[in-house]
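These notes concern the structure reproduced below.
Read-outs throughout are calculated quantities, based only on the coordinates presented, and are distinct from any laboratory measurement. No experiment lies behind these values; they were computed from the predicted model shown. Cβ: placed from backbone, ideal geometry, glycine included. Neighbour counts: every protein chain shown.
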Amino acid sequence: MNDPQFRRAQLRKAATGIDGLDAIMEGGLPAGRPTLLCGAAGCGKTLFGVTFLAEGSLRFGEPGVLISFEERPQDISENVASLGYDLPRLVVEKKLFIDQVQIERGENEESGSFDLEGLFVRLGYAIDAVGAKRVVLDTIENLFAGLSDAAIVRSELRRLFTWLKERDVTAIITGERGEGQLTRHGLEEYVSDCVVLLDNRVQNQITTRLLRVVKYRGSTHGTNEYPFLIDEKGISVLPITSAHLRHHTSSETVPTGILGLDDMLGAGGYHKGSSVLISGASGSGKTIFASHFAATTCARGERCLYFAFEESPGQIVRNVRSVGIDLQKHLDSGLLRFEAARPTLYGFEMHLARMNRDLDEFKPTTTIIDPISAFRGVEAEVHSVLLRMVDILKTKGITAVMTRLTSEQEHVAGGDQGIPSLIDTWVSLGALEADGERNRGLYVLKSRGMSHSNQIREYQITKNGIELLDVYRSLQGVLVGSARRQAQAAEQRKASGAMNGKRVTNRKLASGARQRIKDQGKSR
């Protein structure tokens with residue numbers, strides 16, 4: 001049993017400055033200890049190491065040392081310049097020390113003793129020169145090139161890791177992935193306090209970068225594989241999503257942008273922080289419904305992030321302008337932002353990581369995902385990604401409207417992605433067929449926490465956007481389209497005829513009254 005009087009000591013940690021990674025590691029790397037970062041070529045090991053050093057000096061006031069056994073300092077500086085890091089300036093300001101240790105494969109021979117005293121001297125000088133708190137060694141395999149004696153390698157690795165601990169520096173040692181083991185030597189992971197594995201996985205011709213914390217002595221951590229993204233904005237890792245369903249809930253509502261739909265929901269709009277699905281066949285107006293919501297958000301002075309996976313931003317802006325929705329002015333004001341990409345550009349996990357980063361950067365109150373049906377693949381994988389997407393949005397308190405293309409057969413069915421069970425409000429758009437014509441109809445299938453209407457409402461796409469029509473009932477039932485217009489016209493004619501008849505009757509009564517008054521006057 002745990003001793004209730006024992007106060008649990010907290011392991012010192014050094015924040016990496018990499019979005020999402022610190023959340024997975026519950027604060028960062030173990031401070032004053034070595035961490036092994038391993039993976040195959042192209043996984044981004046060097047970029048992770050340089051980002052760790054650059055962010056440490058820029059954001060946390062911790063100078064760093066980079067010892068490269070492969071690339072020249074000039075090449076490294078040019079490679080990371082695309083991420084926005086000016087390494088030469090950091091070197092001039094004595095916030096970073098870069099050194100290259102060239103070891104040719106033939107220089108290490110298994111004759112006599114082998115030790116790392118020379119490396120310790122150079123590394124110690126570099127640490128003292130800038131007062132470094134962080135160290136990156138890239139990569140460890142080159143240091144022992146040509147040595148096959150496992151005992152020597154293990155002994156010197158242990159000496160190296162112990163030396164780094166004695167200097168109280170937080171270190172990252174990068175290593176190449178081995179055959180059937182984490183590293184080529186298969187020894188580094190055993191003497192490291194923390195091991196992070198990077199993977200560059202290709203499936204169906206689409207690449208996905210994944211990260212996993214294999215071990216972390218003295219600390220709990222996320223144990224799953226997490227996608228990460230490397231682009232012009234740097235490195236971002238998709239963090240842990242909530243496992244306990246403790247999202248903040250609000251009774252506040254946000255308008256849909258369509259007056260009649262607000263009335264149908266009963267509360268005057270969608271619940272703030274909820275997830276909304278608008279499904280329908282092609283041509284039902286799903287994007288227009290979503291654009292109404294985006295325009296209404298921006299009209300309140302709030303930000304909206306629009307993820308488009310089928311149409312370009314310019315095409316969406318042009319198309320909805322024809323129905324009276326001006327999104328361009330909100331783009332110009334900076335309240336609306338589009339992020340458009342083909343679904344096949346990344347894998348599912350990479351899309352999720354990119355969207356999470358964009359949400360953190362733009363900080364919108366609402367978002368549009370148009371459409372989620374663009375994600376196609378194995379049903380379980382698609383459902384998992386959509387579940388995590390909804391979880392991320394709920395955790396951030398963002399009201400999300402998602403559109404989904406459905407066929408006529410699955411108009412009411414959940415569909416192959418099972419998304420309706422995950423969302424809070426489901427608005428279904430469909431065709432109403434009567435008297436040889438098709439009209440558009442809308443109904444609210446579900447809306448958690450609201451006393452919503454169960455009526456099917458006809459709607460029209462006009463030059464002023466979406467307009468919901470009043471329900472028209474007759475002896476034949478609910479009439480739509482031409483039948484509704486004919487019945488209304490007939491009713492108006494009947495009402496007009498009754499009014500005209502009433503006027504004639506009134507005139508006769510008035511004429512008769514005047515005649516009686518005259519007769520009474522004569523009799524007197």
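With one equal scatterer per alpha carbon and no solvent term, the Debye-computed log10 I(q)/I(0) for region 332-371 at 0.33 1/Å reads -1.32. If you look at the Cα atoms of region 272-334, you get an Rg and a Dmax of 11.8, 33 Å.
In this label model, Lys94 and Glu71 are separated by 2.7 nm, measuring between points 7 Å along each Cα→Cβ vector.
Other residues whose C-beta falls under 14 angstrom from the C-beta of Val323 contribute a net charge of +3, scoring Lys and Arg +1 and Asp and Glu -1. Each other residue within a Cβ distance under 11 Å of Gly269 adds +1 if Lys or Arg and -1 if Asp or Glu, for a net charge of -2.
Suppose R0 equals 45 Å. What FRET efficiency, 1/(1 + (r/R0)^6) with r the Cβ-Cβ distance, do Leu445 and Asn200 give to the nearest 0.05? E(calc), rounded to 0.05, equals 0.60.
All C-alpha pair distances within region 253-478, sorted into 5 Å bins from zero, spread as 1, 6, 15, 20, 21, 17, 11, 5, 2, 1, 0, 0 percent across the bins.
In this structure, the residue pairs whose Cα-Cα separation is over 21 Å, taken from Lys363/Lys446; Lys233/Lys363; Lys272/Lys394, are Lys363/Lys446. Estimated from the Cβ-Cβ distance and a Förster radius of 30 angstrom, the FRET efficiency linking Glu117 and Arg212 is about 0.30. Applying 0.36 nm per residue to the separation of Ala41 and His248 and subtracting their alpha-carbon distance, the gain on full extension is 70.3 nm. In this simple spin-label approximation, Ile461 and Asp86 carry label points 7 Å from Cα along the Cα→Cβ vector, and these lie 5.0 nm apart.
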